[in-house]
Every structure is written in structure tokens, then in C-alpha cells.
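S.K.: Before we start, here is the structure in question, set down as C-alpha cells.
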Amino acid sequence: MPSPSAGGRRVLLIGWDAADWQVINPLLDGGLMPNLQRLVDGGVIGNLASLSPMLSPMLWASIATGKRADGHGIHGFVEALPDRSGIRPVGTRTRTCKALWNIATQAGLRSVVGAWQASHPAEPISGAMFSNLFAVPPAEATPENWPVTEGAVAPPDLAEQLAELRLHPGEVEGPMLQQLIPRASELDQAHPLVQQRLTFLALRLAEVISIHGAATELLEQEDWDFGAVYYECIDQVGHGFMPYHPPRLPDVPEEDFAFYSEVMTGIYRFHDLMLARLVELAGPETYVMIVSDHGFQSGVQRPRQRVDPAQWHRPQGIIVLHGPGIRRDERVDGATLLDIAPTVLTLLGLPIGDDMEGKVLAHAFEQTPEIVRIPSWEEQAGNAGRLPPGQEEENPAAAQAALQQLIALGYVAPPGEDVLRSIAIAETEAQFNLAGSLLEGGRAADAKRILQEIAAKNPDEPRYWLALAQACLAARMVEDAQPALDALERLGRHTPQTAVLRGIIMWERGDLEACSAAFEEAEQLAPGDPVTQTYLGRLYLRQRRWQDAERAFRRTLEIDPDSAEAHYGLSVALPRQDLVEEGLDHALLAVGLRHEFPEAHFQLGALMSRLGWYERAVQAFEISLRMRPGFVLAHRYLSMIYGRLGQSEPAIQHRAEAARLLATQAPQPAAD
């Protein structure tokens, strides 16, 4: 096994797209993922909060860079070709900042990178890399004639060696499929739909086996300090076969369920088998981190009809971290995708950039790690293994194969004969996705400006008006949201979402009666919808109807146990019924599920102070203020607590800051 090339620290980052604890935990309990179980028992685990929009190229770029979409430049699945003769999948040249492997190269470390999302062409880093197009065969490729795509491997002299390890879909034989579909031999394989499903599964298996073969070869043969290997298979197969996963949904035919119900379990178990080899190659002194970019609906919330594929995604992915100095059999709460890059850099002993938006997951360590900061890695001179500017090599066959894969999965509509229209659609969607990222990142006014332009140019597209209304409300421009809502209603969009929007507008105007009517209309349109139940709960809190609020939030959690908003709501409603400690439990769950939630940290502090846990309450209030510096109530609480602790100076400072903020009439967050 090759040694680290310098410094002795080594990190292996494994990406399992769409892996979800809701599927994994029953498999662990049943002893069906023993290799993952060993990492779980000997390390830390937790939920990993995704970003919006939940589109894989954007999310995996954030994982690798520590930046949101406006910082890394990847805004969707496709972009215009340089000569605007068509569209292509986004790739390395789309990314506008350094990824972890570039930073490692610049710091004198060696990396092995395998099939990372949007990584074509492979970059000339210190080490070895193959791109996400390495294992994607063009339509005309055969097992005997499948040349390596130009630019898929760096350095290029490794291409022939790695090509021998690929598996063509035509080489996937019946016994392989029977591992996932035990009764495959009983299927009517002449039926077009059965053929389509089996071909799809063969494609996915061939691709993941090829990626794993090439990655393990490089990890075994190369000297490396940082490894990053990405497996898309769980997400891809999920879009085809999660509808058949237990429990059976009412609209799934019993015969289909009998044939395909074991596919997803089989895919997860296959990933566990591959994990064993990765961990063996990494060695006991290597930090091994497994992450997913989002989860995947697997229970009652699975969509019942054909929808945008992103609607299958859950906002909670997974994180597992194992290695020397990492806590054992513990949970790490409040982790987000943006925390991965800073944590990996700290594990490698490298500085993190102040322009990275995440944090180091310091509570995963047995001893607080040394965290070194620099303004930005973008400003550091030296070879970072980036592609030289102006070099635009294009392989039409490979790009077309990757594009067809996106079309087959439903992420991209087939481009029509009108090339300019296809480009316009791609560029509009990229701007729409960028606006979604800005909105989630707290830049609602910037998102609003983009969405106003998009909606004006595409007045018949409800998604754009809906997003514009949401951005207006987030920017506290309530009256600007009304025209967007009017446009939705003109388009005949009488949906739970529009009813909820109308309710929020009425709430902001102070008309709680109209707000209640709108939320109740939303509930009638979609009984049991967790979003509607959460808004009803918030309304009941406002009306001091504590028991009604509790019922609404509990209905949300019956459907979506990972709703941070519902746990927060219970942390408010239950203490009002003298259930303080139970409320505290829900406040802890809320901040664990969504760390960037200043109101929940505030509520946690309020409940801890009520229980007399003043030192811990101070920590919660300070976190709330770091996220929302102008939070007057948090300053008031801190003034009171410091006074009780006999610390007069900070008590006076917080009391003065609260008074100053009140004098400025700065908008305050709603603290229920």
C-alpha cells in the first residue's frame, strides 16, 4: 500500500450520491452493511444538510470547494458549447474556483480523484485523476472497441491501463442482475418496459463497477495524500427503482413489487462491498469520510406521479467520518455540504479560506483541531493543477453520451432542432438555479432581481413566478410578492403552494383571519402535506393555540421526521404547556438538523436558561447572534444571564446593544 507523499496525514473522501439514513439504518440493523457498520461504530455519523437547489453537479461542486453556486460557477447540468452550436454537460471548465485536489496540488500534496461530478476534462493535478466521462460509453462503443474519451484521464499515459478495468454494459450478465432481481429469469424479457429496466440497470452497474475498478487501481498503485471517489449509482438506480422499494405504494402493481422490491437494498449492499476494498486500501491511519449530497425519498413521501427528478430528493444526506483522533460511536450535528471542504483541509493540516462558507466540524474530533485560516486559496500563487486557459477540446460523442444519460434520468429535456432555443432554455435554467442558491444563502434581494427578469421573459412558466414570490417574501418585500401570486392565479395555479403563499402575505399584512383561511384551503387541497401543517402550526403559535400548534407539528413529523421547522415549533409549543424538557429535546433536534437556524438556537438558549443551565444558554445565544447579529431578544437574554452570573461588563454591553438596535428600528426575526 503506497504511503502518504508528505506529512503523514491522509484523507479518503467517498461520495455516495443520494445515500440516506432512512434506507441505511434498517440495513445496518439487519447486519446487511457490515463494512459501513465498522466505520459507524468507530467514528462519528450524522445528517448532512443539503443546499438548494438539490441538483447534483451544483452540490458536489460545493462539497469539493466549500462554496455555493455563485462562488464555484456551476449552475446546473448543462451549458452552451463555446461556439454556441449546441449544449453540453457542465464540466471542469465551468468551475470558476479551485477544488480540494487543486488546493492539495498547490500545497505539495498528491491526490487520486475518480469520476467526481462535472470533472471532465480531468485536470493535470499532482497525482492521478479520471473524469466523470471515463466510464460512460458512447452509443457506438462495444466491449471490443471502446476508446478512452479524450481528456478523461490525467496523466494521459494512465489511460490504457485504466481502460482495461472498465466493464461495458454489454458485458453485464444475468447472474449480476440476479443479485438485484432474484427472479429476473422469470421476467418477460421481450416486453419493451422490462427490456428498458434491465438495460438501465446494466448501464448503471457497468458504470459503477468501472469507476470502482479504476479508483481502486489508482489508490493501490499511486502515492497519495488525498483521495476522492464519487459513486452516482444509488441516485441513478433510485430514480428507476425506488418506487418499488418496501413498503409497497398503493399504485405499484403487486407483480412489479415482487420482481423489483430488492433492487435498492441490493445496490446499497453492493456499495458496502466496494467500501470494504476502499477502506482496506486506505489503511487504518487514514481518515475515511463518506458523504451524500442529499437523501432520497423512500417512504410515504415518495412522489406518486411523474415529477421533476429533484422532487425525489430529501434535504438530509449522510456523513460518516472515521480515523485517528475522531470520536467513536458519536453523532455530529449541524453539518452541511459546505462544511466538508474546510473539514478535509483541516484533516490534511492545510489552511481553510475565509471565502469558504462552511465550518470545520470540530466537534467530530476528540481534541479540538488546530484551524489555520488564509483569506483565500484563489489568491495563492503556484501550480494548482488547473487546465490551461483557452484549451477547449471537445469530444462530441462523449459529450452526447453524457447528455443522453441526463435525459434518460429526466434531469434535462431532449434538445430540439432549434439550437438557439435549447441554449436559451439551458441559460435560463442556470440563472433560475443560481437564484435558488442565492435565496437559500440569504441573498434574497439578489435572487429577486434575477427572478424578476426570468419571469418577465417567461410569463407562462409558473415555477418562475412561484420562486419570485418566495424571494420577495424572504427579502421582506411583501407587496412585491402580490403581483407574482396574481400571475400564478392567472395561470390557473390553484395549488397548496399558492394558497400557502397567499397565507404568508396575509400574515405579513397582519390579517390573521385571511391567513388562516388560506392555510386551511391549502390543507384541503393536500391533506397531510407537511409544509402546510408546519405553516398552520406557526399560525397557531402566533395565536397562542399551543395544543393546536403541537398537533400540527406532530402531523408534520409523522410524514417528515427530519423537519427542523416542526421540531422548532414543538420546542415553542411544548414549554407553553409546562413540558420544558421535552421542548428542549426538540430544540436540540432542530439545530442538529439545520445548524443555520438562529431562531432555533435562540429557543434552545431560552429553554436552557429557564432550566438554570446558564453557561450552556450563553453558548446557544452567542451562536444565534453570530447568525443574526441584530437579534435584540438574544442580547436581552444575554444581559440578564450575565447579570445572574455576576459578570457585569458583558451584561452592560449586551443591554446597551439591545437598546441601540431598538433605537434603529432594525427588523427583527420572529421569535415565537
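The values are calculated or read from the model by the stated rules, or taken from the named source; none is laboratory data. If you're wondering where the values come from, they're calculated on a predicted model, not measured in any experiment. Here Cβ is always computed from backbone atoms with ideal geometry, including for glycine, and neighbour counts include all displayed protein chains.
S.K.: From the residues in region 13-53 that are in a helix (DSSP H, G or I) and among the charged types (D, E, K, R), which one is surrounded by the most Cβ atoms within 10 Å (Cβ to Cβ)? Steps first, answer last, please.
M.R.: So in region 13-53, the residues in a helix (DSSP H, G or I) come out as 21-29, 34-42.
From the residues that got through so far, the ones that are among the charged types (D, E, K, R) too are 29, 38, 41.
Numbers: Asp29: 10, Arg38: 14, Asp41: 12.
Among residues in region 13-53 that are in a helix (DSSP H, G or I) and among the charged types (D, E, K, R), the one surrounded by the most Cβ atoms within 10 Å (Cβ to Cβ) is Arg38.
S.K.: How many residues does region 576-607 hold that are buried (at least 22 other Cβ atoms within 10 Å of the Cβ) and more than 26 Å from Gly442 (Cβ to Cβ)?
M.R.: Count: 1.
S.K.: Conditions first: (1) closer than 25 Å to Leu203 by Cβ; (2) free of Cβ contacts under 8 Å to residues at least 12 places away in the same chain. Thr94 passes all but one, so which condition is the exception?
M.R.: Single failed check for Thr94: (2).
S.K.: Can you pull out the residues in region 533-572 that are at pLDDT 95 or above and among the β-branched types (Val, Ile, Thr)?
M.R.: Once the filter is applied, which keeps residues that are at pLDDT 95 or above and among the β-branched types (Val, Ile, Thr), region 533-572 yields Thr534, Thr556, Val572.
S.K.: Here is a follow-up. Please work out which residue is nearest to Pro124 (Cα to Cα), limiting yourself to region 148-165 and to residues that are surrounded by fewer than 21 Cβ atoms within 10 Å (Cβ to Cβ) and among the small types (Gly, Ala, Ser). Step through it out loud before you land on a result.
M.R.: Quick first cut of region 148-165, residues surrounded by fewer than 21 Cβ atoms within 10 Å (Cβ to Cβ) only: 148, 150, 155-161, 163-165.
Add one more test, that the residue is among the small types (Gly, Ala, Ser), and what stays is 159, 163.
Working: Ala159: 13, Ala163: 18 Å.
That would be Ala159.
S.K.: Can you pull out every residue in region 15-45 that is at positive phi and either in contact (Cβ under 8 Å) with a residue 12 or more places away in the chain or among the hydroxyl-bearing types (Ser, Thr, Tyr) (or both)? Let's see the steps before the verdict.
M.R.: Pass one, region 15-45, residues at positive phi: 18, 31.
Of everything in region 15-45, just one residue is at positive phi and either in contact (Cβ under 8 Å) with a residue 12 or more places away in the chain or among the hydroxyl-bearing types (Ser, Thr, Tyr) (or both), namely Ala18.
S.K.: A further question on this structure: Out of Ala424, Ala435, I need the residue that is among the small types (Gly, Ala, Ser) and closer than 30 Å to Met356 by Cα. Which one? Working first, answer last.
M.R.: Numbers: Ala424 fails: closer than 30 Å to Met356 by Cα.
Among Ala424, Ala435, only Ala435 is among the small types (Gly, Ala, Ser) and closer than 30 Å to Met356 by Cα.
S.K.: Among Ile340, Ile318, Ile326, which is β-branched (Val, Ile, Thr), in the same structural domain as Ser292 (by TED's automatic domain parsing), in contact (Cβ under 8 Å) with a residue 40 or more places away in the chain and touching a Phe, Trp or Tyr at 6+ places or on another chain (Cβ under 6 Å)? Can you show your working first?
M.R.: Values: Ile340 fails: touching a Phe, Trp or Tyr at 6+ places or on another chain (Cβ under 6 Å); Ile326 fails: touching a Phe, Trp or Tyr at 6+ places or on another chain (Cβ under 6 Å).
Result: Ile318 is the single residue among Ile340, Ile318, Ile326 that is β-branched (Val, Ile, Thr), in the same structural domain as Ser292 (by TED's automatic domain parsing), in contact (Cβ under 8 Å) with a residue 40 or more places away in the chain and touching a Phe, Trp or Tyr at 6+ places or on another chain (Cβ under 6 Å).
S.K.: Regarding Ala670, is this residue exposed (fewer than 15 other Cβ atoms within 10 Å of the Cβ), at pLDDT below 95 and outside any helix (DSSP H, G or I)? Give the derivation first.
M.R.: Values: exposed (fewer than 15 other Cβ atoms within 10 Å of the Cβ): yes; at pLDDT below 95: yes; outside any helix (DSSP H, G or I): yes.
Against the criterion (exposed (fewer than 15 other Cβ atoms within 10 Å of the Cβ), at pLDDT below 95 and outside any helix (DSSP H, G or I)), Ala670 qualifies.
S.K.: Still on this structure: For residues that are charged (D, E, K, R) and buried (at least 21 other Cβ atoms within 10 Å of the Cβ), scanning just region 313-354, find the one that is nearest to Ser62 (Cα to Cα).
M.R.: So the first thing to find is which residues in region 313-354 are charged (D, E, K, R), and the list is 314, 327-331, 333, 339, 354.
Then drop every residue that is not buried (at least 21 other Cβ atoms within 10 Å of the Cβ), which leaves 314, 339.
Working: Arg314: 17, Asp339: 9 Å.
Among those that are charged (D, E, K, R) and buried (at least 21 other Cβ atoms within 10 Å of the Cβ), it is Asp339.
S.K.: Go through the residues of region 247-264 one by one and say whether even a single one is over 24 Å from His191 (Cα atoms) and not in a helix (DSSP H, G or I). Spell out how you get there, then give the answer.
M.R.: Applying the first criterion (over 24 Å from His191 (Cα atoms)) to region 247-264 yields 247.
Then drop every residue that is not not in a helix (DSSP H, G or I), which leaves 247.
Yes, region 247-264 contains at least one residue that is over 24 Å from His191 (Cα atoms) and not in a helix (DSSP H, G or I).
S.K.: What residue, among those in region 432-471 that are of a type in the set (Asp, Glu) and outside any helix (DSSP H, G or I), is surrounded by the fewest Cβ atoms within 10 Å (Cβ to Cβ)? Steps first, answer last, please.
M.R.: Let us first name the residues in region 432-471 that are of a type in the set (Asp, Glu), namely 440, 446, 453, 460-461.
From what's left, outside any helix (DSSP H, G or I): 460-461.
Values: Asp460: 10, Glu461: 16.
Ranking the candidates gives Asp460 first.
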